[in-house]
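Colleague: Take a look at this one; I'll ask things after.
The values are calculated or read from the model by the stated rules, or taken from the named source; none is laboratory data. What you are looking at is a predicted structure, and each value in this text was computed from that prediction instead of being measured. Glycine also receives a Cβ, built like all others from the backbone with ideal geometry; neighbour counts cover every protein chain displayed. Each accessible area value is taken on the protein alone, full model and side chains, heavy atoms only, with ligands, DNA and RNA left out. Shrake-Rupley method; radii C 1.70, N 1.55, O 1.52, S 1.80 Å.
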Amino acid sequence: MKIVDLEVSVVNLPMRKGFTSSFETKQGETRTIVRMTTDDGLVGWGETMWGAPVARLVRQLADDVIGTDPRALEAFHARHRMLPFFHGYLGYAALAAIDVACWDLLGKAAGMGVVNLLGGRVREQIPLTALITRSDGDERDYPGSLADATEQIVAEHGFTAVKLKGSTDARSDVAIMQALRERLPQVELRVDPNAAWSVPESIRAGHALEPLGLEYLEDPCQGLEQMARVAEAVRIPLCTNMCVVRWEDLAPAVRLNAVQVIHGDVYKWGGIATTKHLAAHCDAFGLGMNLHSGGELGIATAAHLAIAASTPVLSSAIDSMYYLHDDDIIDPLPFEGGCLRVPDGVGLGVEVDEEKLAHYTALNAREGDYTG
């Protein structure tokens, strides 16, 4: 089996409403899509983060992978191990685009789902986290209005976990979390200010949050050293997808006891097998693990679902923005009872709607990337 063609598209897909974090409000997703064809006519699909900068790197990688066997993934990653060194997240994202398309081909060639290639299901349903932002409330009364909105979202969709995308105002975020706990006593709660707080603010907020029984506090401040100082002072597990983002970060994080939960991500870590390896390391060191969401559409979501379904340590509700999207380039994955499930079928179990792909590619051509 040889790869004979690789096509790269960049799509823009609007969201139902704005999504606000401590550093941006975005109205949609820009994603890079890969269509990989083999000499026996199989087609594998990949999807990754961001638009034009990643798409350029993927097109450069095309010259290397055309003519190779998609099953030779270790050799592919070995040849390009320096790409993230020079390009950071963009390099990991470009590698993941190729990686996911190859896994889709591997499953199709073997006549089975990627989830089975990864070890088979340990769970059928993958619970998602309700992602709450200040866009959901009224700035005149954020605690009350966000509690109202969250209660309605949980009741409507059946979420068992809620994450507040925090702000630069730690005191306000604490008040919101207190209102959420009062309204939703049985739901797992998390808050993520994306490293917007100082160490003193993080410790003060952490002490105020301790009685609420949070599942974890995600990236309150910047860097392993600062996170370690907070972890020493606060009795809430700390989670990160910002200060443990590559293998070189893992040993210092364990040595410093800086974090207790690590967010994996196929697209930020560079591939499916790498994310599974991360899960094994978390298990070995007694760390929790979850999955970060960078705005995955259906192809990328299917890859994350295959990992979550086949990885015992991934036992919490994962982050996914999928339910917030206005459409998809595949037939939308059914979202029921706060959960998604791995699509049935071979490979990733999804097929791209070529008309939608063309439509959202044209939208990107008109509007440019939503992301840098």
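Colleague: Anything in the stretch 25-44 that is open to solvent by 10 Å² or more (accessible area, probe 1.4 Å), out of contact with any Ser or Thr (no Cβ under 9 Å at 6 or more places or on another chain) and at pLDDT 95 or above? List them, or say none. Spell out how you get there, then give the answer.
Modeller: Kept after step one, since they are open to solvent by 10 Å² or more (accessible area, probe 1.4 Å), are these residues of the stretch 25-44: 25-27, 35, 37, 39-43.
Restricting the remaining residues to those that are out of contact with any Ser or Thr (no Cβ under 9 Å at 6 or more places or on another chain) gives 27, 37, 39-42.
Answer for the stretch 25-44, where residues must be open to solvent by 10 Å² or more (accessible area, probe 1.4 Å), out of contact with any Ser or Thr (no Cβ under 9 Å at 6 or more places or on another chain) and at pLDDT 95 or above: Thr37, Asp39, Asp40, Gly41, Leu42.
Colleague: Please return the ranges of helices (runs of 4 or more DSSP H) entirely within the stretch 233-338 where 2 or more residues are among the charged types (D, E, K, R) and over 24 Å from Ala101 (Cα atoms).
Modeller: On the way: elements: 247-256, 266-269, 272-284, 298-310.
Answer list for the stretch 233-338: 247-256.
Colleague: Name, by its number, the condition in (1) in a helix (DSSP H, G or I); (2) on the phi > 0 side of the Ramachandran plot that does not hold for Ala78.
Modeller: (2)
Colleague: Now a separate question. Between residues in the stretch 142-157 that are under 19 Å from Thr20 (Cα atoms) and without any contact (Cβ under 8 Å) to a residue 24 or more places away in the chain and residues that are open to solvent by 20 Å² or more (accessible area, probe 1.4 Å) and charged (D, E, K, R), which pairs lie under 7 Å by C-beta distance while being six or more apart or on different chains?
Modeller: Ser145/Asp138; Ala149/Asp136
Colleague: So in the stretch 291-307, with the set limited to residues that are touching a strand residue (DSSP E or B) at 6+ places or on another chain (Cβ under 6 Å) and farther than 19 Å from Ser9 by Cα, which one is surrounded by the fewest Cβ atoms within 10 Å (Cβ to Cβ)? Talk me through it step by step, then tell me what you get.
Modeller: The initial filter retains those residues of the stretch 291-307 that are touching a strand residue (DSSP E or B) at 6+ places or on another chain (Cβ under 6 Å), namely 291-292, 294-295, 297-300, 304-305.
Now narrow it down to the ones that are farther than 19 Å from Ser9 by Cα: 291-292, 304-305.
Details: Leu291: 26, His292: 24, His304: 27, Leu305: 28.
Ranking the candidates gives His292 first.
Colleague: Same structure, new question: Quick one: would you say Gly67 is more than 16 Å from the chain's Cα centre (by Cα) and either crowded, with 18+ Cβ neighbours inside 10 Å or among the aromatic types (Phe, Trp, Tyr) (or both)?
Modeller: Values: more than 16 Å from the chain's Cα centre (by Cα): yes; either crowded, with 18+ Cβ neighbours inside 10 Å or among the aromatic types (Phe, Trp, Tyr) (or both): no.
The answer is no for Gly67.
Colleague: Where in the stretch 1-56 are the strands (runs of 3 or more DSSP E), entirely inside, with at least 2 residues that are closer than 23 Å to Trp269 by Cα, of a type in the set (A, V, I, L, M) and in contact with a Lys or Arg (Cβ under 7 Å, 6 or more places away or on another chain)? Break it down stepwise before answering.
Modeller: Details: elements: 3-20, 25-38, 43-49.
Because the criterion is at least 2 residues that are closer than 23 Å to Trp269 by Cα, of a type in the set (A, V, I, L, M) and in contact with a Lys or Arg (Cβ under 7 Å, 6 or more places away or on another chain), the strands (runs of 3 or more DSSP E) in the stretch 1-56 that meet it are 3-20.
Colleague: Right, another one. Please identify the pairs in which a residue from the stretch 231-259 that is within 17 Å of Gly286 (Cβ to Cβ) has its Cβ atom under 8 Å from the Cβ atom of a residue that is open to solvent by 70 Å² or more (accessible area, probe 1.4 Å), counting only partners at least 6 apart or on another chain.
Modeller: Ala231/Asn257; Leu250/His281; Val254/Phe285; Leu256/Glu225; Asn257/Glu232; Ala258/Glu225
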